[in-house]
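Participant: Quick one: structure below, then a few questions.
The values are calculated or read from the model by the stated rules, or taken from the named source; none is laboratory data. Worth saying up front: this structure is predicted, and the values here are computed from it rather than measured. When we count neighbours, we look across all protein chains shown, and the Cβ atoms used for this are built from the backbone with ideal geometry, even at glycine. Please note that ligands, DNA and RNA were not included when accessible areas were found on the heavy atoms of the full protein model with its side chains. Shrake-Rupley method; radii C 1.70, N 1.55, O 1.52, S 1.80 Å.
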Amino acid sequence: SSRDDYLGESALLFTLGVTNAGKTHTVLGAGLEKQKCASNKKSDMGETEPRKEWGIIPRSLHDLLSRIKSMNTANPSGPQLQLYMSYLEIYNEQIYDLLPEKSKENVPKHFNVGPPALKLRESRRGRIFVRGLARRPVNNVDQGLEYAEEAKNNRHTASNNINANSSRSHSICQFEIAHAPHCSNRKGVQSNTGMDSECETDDESIC
């Protein structure tokens, strides 16, 4: 079957290991700044070949954007597809948005005065989602890497005997392929930044 047949399905990749085992390196790669410079050498749709220093996230961005471009080009008069990115962390059994809306970015990060924890919900169709989780449109690998770097900087960290900047939380990066909104800007940048995942509007939640 064609690789496009798998679009619309769900998939999960995760890393598990002790502190300093290389989980972040596996997911992100050898360095976000180095990767962004490499991804800028060609087309803004991520047409460069995956590089050996890329981790799971940049490789996923490259593959998904390439598929989306191919499908949109093959059907220019039909609904156009758009890639969205969300990033959250689970810290002290609470869920926090690592890519919050611009109005929430300057809120101090402290357990008493920081941004409110988000709630896990289930729709009437049985879809699990995080209510209020922002999603951002991604149009090229470099843009996705900038979001990943922003999310990494927003995570809770602390030093320990092994790692001076160890993550104190679990993080989840979510990619979603959906139809682009009907607007004059086909990239949908200004009309979608900070939008909640469409899972939230799928149906009224039951819990």
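Participant: Could you calculate the contour length gain from E150 to R51, that is, 0.36 nm times the residue separation minus the distance between their Cα atoms, to one decimal place in nm?
Facilitator: Separation in residues times 0.36 nm, less the Cα-Cα distance, equals 33.5 nm.
Participant: Shifting gears a bit: Evaluate the distance, in nm, between pseudo-label points positioned 7 Å from the Cα of H25 and of R131 along their respective Cα→Cβ axes.
Facilitator: Each label point is offset 7 Å from its Cα along the Cβ direction, giving 4.2 nm.
Participant: Shape call for segment 46-100 from the C-alpha gyration tensor, a ≥ b ≥ c root eigenvalues: rounded (a/c under 1.5), prolate (a/b greater than b/c) or oblate?
Facilitator: Cα axes put segment 46-100 in the oblate bin.
Participant: OK, next. Ranked by accessible surface with a 1.4 Å probe, highest first, in what order do H62, H179 come?
Facilitator: H179, H62
Participant: Note the full-extension length gain between N75 and I177 as 0.36 nm times their separation in residues minus their Cα-Cα distance, in nm to one decimal.
Facilitator: Values: separation 102, 0.36 × 102 = 36.72 nm, distance 1.59 nm.
Residue separation times 0.36 nm, minus the Cα-Cα distance, leaves 35.1 nm.
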